[in-house]
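A short worksheet on the structure shown next.
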Amino acid sequence: MGMIALVVGATGLVGQLVTDELLRREELDEVRVLVRRLPDATHPKLKPILVEWDRLDRYSDAFSGVHSVYCCLGTTIKKAGSQQEFRKVDVDYVIKTAELAKRHGVRQFMAVSSAGANPEVRNFYLRTKGETEQRLGEIGFRGLHLFRPSLLLGDRPEQRFGERAASVLMTAFDFAFRGPKLAPYRAIPAVKVAKSMVNIGLTCMKGHHIYTNEVIHVLGEAAD
């Protein structure tokens with residue numbers, strides 16, 4: 001019997017790429033995705049599970065027998081509508097997912113965070129990401145892996161004008177984002193993040209690990 005992986009946030013940019021990468025891996029027999037609507041794509045290994053995020057406890061069995069969880073949940077304040085709703089997605093849903101995973105003995109938990117995440121800073125977005133990281137660290141996973149990418153490059157399901165404009169500029173001036181001060185903010189292809197997460201998730205690495213933007217660039221290239 002091969003491994004079972006579970007993806008939350010599978011309809012987002014990184015989540016879709018993580019799911020695709022998992023489905024290609026021979027080590028896995030099943031890839032479960034928690035979604036609000038059934039995906040268009042089908043695959044013999046893919047098992048979609050329809051969920052109501054505000055009642056995630058009802059779907060606890062989805063975590064049974066799972067080796068690794070890939071948490072790619074995330075939104076924007078504009079899309080969420082308020083800071084409160086943003087926190088619901090980026091903190092509450094993430095922590096509930098982690099608690100259910102821990103309850104069912106999941107060995108490896110991967111989560112997408114952000115470059116600059118810090119619970120002590122004034123910036124709401126980065127403070128929220130930092131708080132989530134902090135709370136995940138308190139759950140006690142055998143292996144916890146937090147990925148801190150900068151601006152993600154890729155084709156998103158929804159168009160975000162500001163991010164699209166920023167990605168064009170940061171791609172054009174990628175050569176300038178070198179050195180200890182600027183490298184952490186160098187734009188990164190989302191596929192590199194996805195490949196890095198899957199490669200780490202299929203191991204049995206113990207401990208609490210944080211992967212900075214620079215490290216993800218290297219891991220993503222090594223995964224090609």
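The values are calculated or read from the model by the stated rules, or taken from the named source; none is laboratory data. Predicted model, so just to flag it, every value in this text is computed and none were measured. Here the Cβ positions follow ideal geometry from the backbone for every residue, glycine too, while neighbour counts run over all protein chains shown. Accessible surface areas use protein heavy atoms only, side chains included; no ligands, DNA or RNA. Shrake-Rupley method; radii C 1.70, N 1.55, O 1.52, S 1.80 Å.
Side notes on the structure shown:
- Flag for ARG58 being more than 28 Å from ALA117 (Cα to Cα), open to solvent by 70 Å² or more (accessible area, probe 1.4 Å) and in contact (Cβ under 8 Å) with a residue 12 or more places away in the chain: no
- Residue tally, condition open to solvent by less than 100 Å² (accessible area, probe 1.4 Å) and either in contact with a Cys (Cβ under 8 Å, 6 or more places away or on another chain) or more than 24 Å from THR203 (Cβ to Cβ) (or both), over the stretch 26-45: 3
- The stretch 106-136: number of residues that are open to solvent by less than 50 Å² (accessible area, probe 1.4 Å) and free of Cβ contacts under 8 Å to residues at least 12 places away in the same chain: 1
- In the stretch 165-224, residue least open to solvent (accessible area, probe 1.4 Å) [restricted to those that are modelled with pLDDT under 90, in a loop (DSSP other than H, G, I, E, B) and not basic (Lys, Arg)]: ALA187
- Selection within the stretch 23-54 - basic (Lys, Arg), in contact with a helix residue (DSSP H, G or I) (Cβ under 8 Å, 6 or more places away or on another chain) and farther than 16 Å from HIS67 by Cβ: ARG36
- Of all residues making up the stretch 103-142, the number that are outside any helix (DSSP H, G or I) and either modelled with pLDDT of 95 or more or out of contact with any His (no Cβ under 7 Å at 6 or more places or on another chain) (or both): 24
- Enumeration of residues in the stretch 81-99 that are in contact (Cβ under 8 Å) with a residue 60 or more places away in the chain and farther than 16 Å from GLY130 by Cα: THR97
- The single condition among (1) in contact (Cβ under 8 Å) with a residue 24 or more places away in the chain; (2) out of contact with any Ser or Thr (no Cβ under 9 Å at 6 or more places or on another chain) that VAL8 does not meet is (2).
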